[in-house]
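Where a number appears in this text, it was derived from the coordinates with a stated rule and is not lab data. From a predicted model like this one, the values you see are computed outputs, not experimental measurements. Here the Cβ is made from the backbone with ideal geometry for all residues, glycine too, and neighbour counts use every protein chain on show.
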Amino acid sequence: MAPSMQPHVTPDSFFHTTSPPRPTLSTNPPPAPIIIYFISGNPGLISYYYPFFTFLSDKLQSLSSSSSSEQKKDHHQFYIHGHSLAGFEVQSPSPLPTHYHNVEDQIQFIQHKLDSFVQATTTTQPSSTVRRPRVIIMGHSVGTYIAMEVIRRHRERQSSAHANTTNNTTTDFDIIGGVMLFPTVMDIASSPSGKKLTTLLSLIPHLALIVSIFARILTTLLPDFALRALIRLFMADPPSQAVDTTCAFLKSKRGVRQALHMAADEMRTITTDKWSDDVWGIASSSSSSSSSGGNADDKVNNDDNDGSPSRSRMFFYFGRNDHWVAEKTREEIIQAKATAKSSSMVDGGKGGTSPTMVVCEDGLPHAFCLRHSEVTAGKVAGMVMDIVDG
C-alpha cells in the first residue's frame, strides 16, 4: 500500500512538512524537498519520538528561514517521516504472528518503506519540476545500525544500476547524509546493558516468551488507570506521551516478544565494523577533490567520476556513560573514524573527509525521546543544516 502523502500523526506513522519556499521570479524550478527518514530504536514504536519530530520541524523551519535570508536564496523545505519497525505496529489488524522479525528483516522493511516514500513524493510533484530526491537518514540506537546498512545497500544498488545502465527507480535518489543518535553500530553486547541481557538470555533461553506472557497477564488483570500508574512509577514519571506509547506497546499482540526477540538478535548481529569508509562518510583526498567544484546540488546529485555514488556526510552523536554503548567501543570508533577526539563537535577536516563525531557532555540519556526532545532537536537541526548547506 502506498504511503499517505498528507501530513499525519498516527500510532504507527508520522509525516510532517516544513513550509515550502516562497515563489520567486526565477525560471528555475524550486529545489526538491529534503526527506528526513527516521529509524527508531528498540522497541520500535515511532510514537515515542513525536515530541522530538515536532521540535525538529520547528527548529529546521527557523534555521532554514534565517539561513536563506542571510544568503539571499530560497530556504529548504523538509519532509520528516518515520514509521514503526516491523512487528511493532499497534494498529495492525493481523492475528498473533508466528514469525518475529530480526535485524535483517528490519533492514529490508526499512528499505522498502524508504523506497516507497521517496517514490510517492516524486509523484506529487509536477513532472516539469521533478528533481532528484535528496534523503537524510536519521537513526537512534539500533536504528543507527539499520541506517548504516540501508546506506550501504543503497550505494550498492546505485553502483549496480550505473554499471548496468539500468533505469531502476528504486535507486533514483541520493542519500546525502546521516545523523546517528546514540549509535549502537558495533559491539553492543559489550555495553553494560548488553552484558546483562546476554547473561539473562543464557540463563533463560525462552526469555522473550516468558516476559510476553507476563505482560499479557499484567495488562489483562490491571485496569487502565493502574497500568498507567505502574508505568509512571517504573519510568520515573515520564511525560504523558511516553506513558500512552508504553501502554500501547504492552497491550499490543506481539510488541513485547518482538522487542526481546530482536534484542537477542542484536547481540549476535551488531559486532565488528561491517562497513567501508565511504559508508562511514570517509573520503580519500582524491575523491574529495573530485567533488570539490560546482554548486551544492551538483555535489550531492552527481556520482563520482568512477561511477560510484557520491559520499554522504555523516554525524555520530554519542552519549557519555551510555548503557548501550561501551565507553571503550565509543573511543575506538572515534579514534578509527575521525582525526581527533573531543567532548564537542569534531570535524575530520575542512574538506569533509571524515565523519563528524560528537560526544555529549550535556547529560542527555540514551532514551532522549522521553524527556530531552527539545534539546536534542536543537542539536540535530544544526547537523541537518550542515549537511544540506555544507
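Which part of the stretch 255-271 falls in the paramagnetic zone of residue 214, meaning amide N under 18 Å from the point 7 Å along Cα-to-beta-carbon? Of the residues in the stretch 255-271, 255-264 have backbone N under 18 Å from the label point off residue 214.
Can you flag which of 113/251; 113/379; 196/253; 59/253 are past 30 Å Cα-Cα? Result: 59/253 exceed 30 Å. The slack in the chain from residue 240 to residue 98, taken as 0.36 nm per residue of separation less the alpha-carbon distance, amounts to 47.9 nm.
In order along the stretch 317-333, the Karplus-derived 3J(HN,Hα) couplings, from 6.51 cos²θ - 1.76 cosθ + 1.60 at θ = phi - 60°, round to 10, 9, x, 8, 6, 6, 6, 9, 9, 5, 4, 5, 5, 4, 5, 5, 5 Hz, and Gly and Pro are given as x. The amide H of residue 34, built 1.01 Å from its N in the peptide plane, has 77, 78, 79 as neighbours under 5 Å, considering only residues 5 or more places off or on other chains.
Here is the P(r) of the stretch 149-253: all C-alpha pair distances, binned every 10 Å from 0, give 11, 22, 25, 21, 16, 4, 0 in whole percents.
Magnitude of the charge dipole for the stretch 207-271, about its Cα centre and with charges confined to Cβ atoms of Lys, Arg (+1) and Asp, Glu (-1), is about 220 debye.
So, by mean Cβ neighbours within 10 angstrom, what's the order for 357-367, 144-154 with the highest one leading? Mind showing how you got there, number by number?
On the way: 357-367: 17.6, 144-154: 23.1.
Averaged packing, sorted descending, gives the order 144-154, 357-367.
Across the stretch 234-249, computed HN-Hα scalar couplings (Karplus, 6.51 cos²θ - 1.76 cosθ + 1.60, θ = phi - 60°) run 5, 9, 6, 6, x, x, 4, 4, 5, 5, 4, 5, 5, 4, 4, 5 Hz from first to last residue, x flagging Gly and Pro.
Applying 1/(1 + (r/R0)^6) with R0 = 56 Å to the Cβ-Cβ distance of residue 196 and residue 159 gives a FRET efficiency near 0.85.
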